[in-house]
Amino acid sequence: MEILIGRDEKSGKMKLTAEGRSVLFGTGRLPNSVLPEHLKLTIDDSSIRLKNLNINAYTYVNGLAVENKTISKDDKIEIGTDHVSFDWRALDEFIPAEVDIHPLQAIWNTFENENIALQIAERKFNTLRSTTGIITMAAIALSIATGGKSHWYFVLYGIAIVVSVVFFIKAYRDSSKMPQKRQELNRAFQRDYVCPHCGHFLGNQSYEILTQNSHCPYCKAKFIH
Ligand SMILES: [Zn+2]
């Protein structure tokens, strides 16, 4: 495939043309040192060949000016004497990148497990708190059963009060801790559960659903798993 690269004279953006269609890439205007027909990339399965299209077209590979050179995606390409960095993602439209999304599986599993652990912690805590009521009820039942003659219900009342205070303090502390934990978990997830190619957050969809999609909805990179 041959891809012609230059500056679109109307918008000033980078223009890539291949197989009879053109796309614009990037934001902002390129300097005039990027010519409207600047260079050509010839891409096949094994190599990428770069060629300047004009005597006034300057292109740099890893800092050195070149006319005609075989390059790879690891090379740093700069276009024009203003050294405009070439972003390889500009080629995505014509040659979709392939990305291994397998590392996202562990990130999803961690998120899901920690979410469940948080839910269990919240439920356990609510169950514990309800024991205060049970102890109080037992004290009342005992006082009725013994006609108020037993002193044990005072003890039970005492325990109920102490337990209530303990749980009140714990509830007060957790009321800020739990949402904070949840927020940290969500933040880490949104930072890490991203397309390895474009870095876009992939949303709250499980890894299994991701594997059913053939490509990234944002950059069109092909998912490999
Ligand atoms: Zn992407």
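The values are calculated or read from the model by the stated rules, or taken from the named source; none is laboratory data. None of the values given here were measured: they were computed from a predicted structure. Note that we place each Cβ from the backbone using ideal geometry, even for glycine, and neighbour counts take in every protein chain shown.
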(request) Considering each residue of the stretch 30-54, count those that are modelled with pLDDT of 95 or more and in a loop (DSSP other than H, G, I, E, B), and give that number. (result) 10
(request) Kindly provide the set of residues from the stretch 93-123 that are within 16 Å of the ligand (Cβ to nearest atom), surrounded by fewer than 16 Cβ atoms within 10 Å (Cβ to Cβ) and part of a helix (DSSP H, G or I), ordered by number. (result) 103
(request) Could you pull out the residue among 215, 197 that is more than 14 Å from the chain's Cα centre (by Cα) and either under 30 Å from residue 106 (Cβ atoms) or touching a residue at least 60 places away in the same chain (Cβ under 8 Å) (or both)? (result) 215
(message) Taking the criterion of being hydrophobic (A, V, I, L, M, F, W, C) and free of Cβ contacts under 8 Å to residues at least 60 places away in the same chain, would at least one residue in the stretch 89-105 satisfy it?
(response) no
(request) Could you grab the pairs with beta carbons closer than 8 Å, sequence gap of 6+ or different chains, first residue in the stretch 109-131 and acidic (Asp, Glu), second one not in a helix (DSSP H, G or I)? (result) 112/206
(request) State which residue is modelled with the lowest pLDDT when the search covers only the stretch 171-225 and only residues that are of a type in the set (Lys, Arg) and within 16 Å of the ligand (Cβ to nearest atom). (result) 220
